[in-house]
Every structure is written in C-alpha cells, then in structure tokens.
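The values are calculated or read from the model by the stated rules, or taken from the named source; none is laboratory data. The structure presented is a predicted model; accordingly, all values stated were derived computationally and were not measured. Cβ sites come from the backbone with ideal geometry, for glycine too, and all protein chains shown count toward neighbours. Ligands, DNA and RNA are excluded from the accessible area calculation, which covers all protein heavy atoms including side chains. Shrake-Rupley method; radii C 1.70, N 1.55, O 1.52, S 1.80 Å.
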Amino acid sequence: MGSFSVWHWLIVLAIVLVLFGRGKIPELMGDVAKGIKSFKKGMSDEDAPETTTAKTVDHKADEVKETTRS
C-alpha cells in the first residue's frame, strides 16, 4: 500500500508534461543548475576571501608603482 508502482509514476510524469510542456522542463532544470552553481560559487568565495583579496591588492599596487615610474 505504501509503495508506488510504475503506473503511478507514469501518470505523474504525464501530468507534469501536460502542465509544464516539453520545452519548459529542460528550461526549468537549467535554471535550477545555474542556481546550484552560483550557490556553490558563493560558498567558495566566503571560504577564502582574505587570501585572494590580499594577493590581488598587492599585485595591483605593484602595477600602479611600475606605471608611475615610467
């Protein structure tokens, strides 16, 4: 009684296809994937912002000194 058979899943799939259409599902999954990627990027940015920022600032400071010497 508690488990779903193959027929139940086929009916659910048919209803989803009718509601969203064939074109909307890949578009929806693409949006979900973009959201996951940006979430992971945001989490990795929070882990080490001090080390990357310090190196970038030092590097740009060196470039500014070199351009002012010329």
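For beta carbons closer than 9 Å, sequence separation of 6+ or different chains, a first residue in region 9-24 that is hydrophobic (A, V, I, L, M, F, W, C) and a second that is exposed (fewer than 10 other Cβ atoms within 10 Å of the Cβ) and outside any helix (DSSP H, G or I), the qualifying pairs are VAL12/PHE4.
Hey, can you tell me all the residues within region 12-41 that are in contact with a helix residue (DSSP H, G or I) (Cβ under 8 Å, 6 or more places away or on another chain) and open to solvent by less than 100 Å² (accessible area, probe 1.4 Å)?
VAL16, LEU17, ILE25, LEU28
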